[in-house]
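Report on the following structure.
The values are calculated or read from the model by the stated rules, or taken from the named source; none is laboratory data. For clarity, every value in this text was computed on a predicted model and none was experimentally measured. Note that we place each Cβ from the backbone using ideal geometry, even for glycine, and neighbour counts take in every protein chain shown.
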């Protein structure tokens, strides 16, 4: 059993330092911190929801939805701040932002799979955005390869986007058609930007952002993670 991981972390300038991680202690710390944060997020959401209920005429179901929405918003802001903070200390904020924006622009219309809980989502997101920024530094992408990858992804987005989840089914053929069009337009715009900028590092960042989102909408990804696909069909 592995009890410790030794990681050498490099910043943008290529200087490295060794980081030792005790897995068991790290896991316990993460659970404790996340438990405290979740409790704090819930308290903030409850207070804000109570404030809304005093000034509006909402049903209990509507207030529950509002509370859930506030919690999700707070959690997402916290994830973003965590990623930006780590990027700041590693001096890779511009790279992380390009990757984050590329992914987010496509995801707003393509949707896709979500992690089953926030802590897993936070770990995956942080690892991907920070790791992706480093990959772009050391492995810039050639234009020809980038165009080929994007052409493949455009085909996949045309076939599978948007992909919904059990908690957020995308009901309605018109809605799904509009989201598909928006997705393709966004991907083409990102491809055009990458071609105009003509920078291997930026090309890699934009491609990684699109790739992460593309993976999250594929039926094979849903199948591997044992999640239900095409959830809108349950509402026909």
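I need a count of the residues in segment 213-236 that are within 17 Å of residue 110 (Cβ to Cβ) and either surrounded by 12 or more Cβ atoms within 10 Å (Cβ to Cβ) or touching a helix residue (DSSP H, G or I) at 6+ places or on another chain (Cβ under 8 Å) (or both).
14
Residue under question is residue 205, and the condition is that it be outside any loop (DSSP other than H, G, I, E, B), under 15 Å from residue 156 (Cβ atoms), at pLDDT 95 or above and touching a helix residue (DSSP H, G or I) at 6+ places or on another chain (Cβ under 7 Å); does it hold? Can you show your working first?
Numbers: outside any loop (DSSP other than H, G, I, E, B): yes; under 15 Å from residue 156 (Cβ atoms): no; at pLDDT 95 or above: yes; touching a helix residue (DSSP H, G or I) at 6+ places or on another chain (Cβ under 7 Å): yes.
For residue 205, the condition - outside any loop (DSSP other than H, G, I, E, B), under 15 Å from residue 156 (Cβ atoms), at pLDDT 95 or above and touching a helix residue (DSSP H, G or I) at 6+ places or on another chain (Cβ under 7 Å) - is not met.
Could you please give the count of residues in segment 130-169 that are crowded, with 21+ Cβ neighbours inside 10 Å and closer than 19 Å to residue 93 by Cα?
Looking only at that region, the number is 3.
Looking only at segment 97-106, which residues are under 12 Å from the mean Cα position of the chain (by Cα) and buried (at least 20 other Cβ atoms within 10 Å of the Cβ)?
Those that are under 12 Å from the mean Cα position of the chain (by Cα) and buried (at least 20 other Cβ atoms within 10 Å of the Cβ): 99, 100, 102, 103, 105, 106.
For (1) at pLDDT 95 or above; (2) farther than 17 Å from residue 199 by Cα, each residue gets a yes or a no:
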position	(1), (2)
74	no, yes
79	no, yes
96	yes, no
105	yes, yes
112	no, yes
118	no, yes
135	no, no
139	no, no
143	no, no
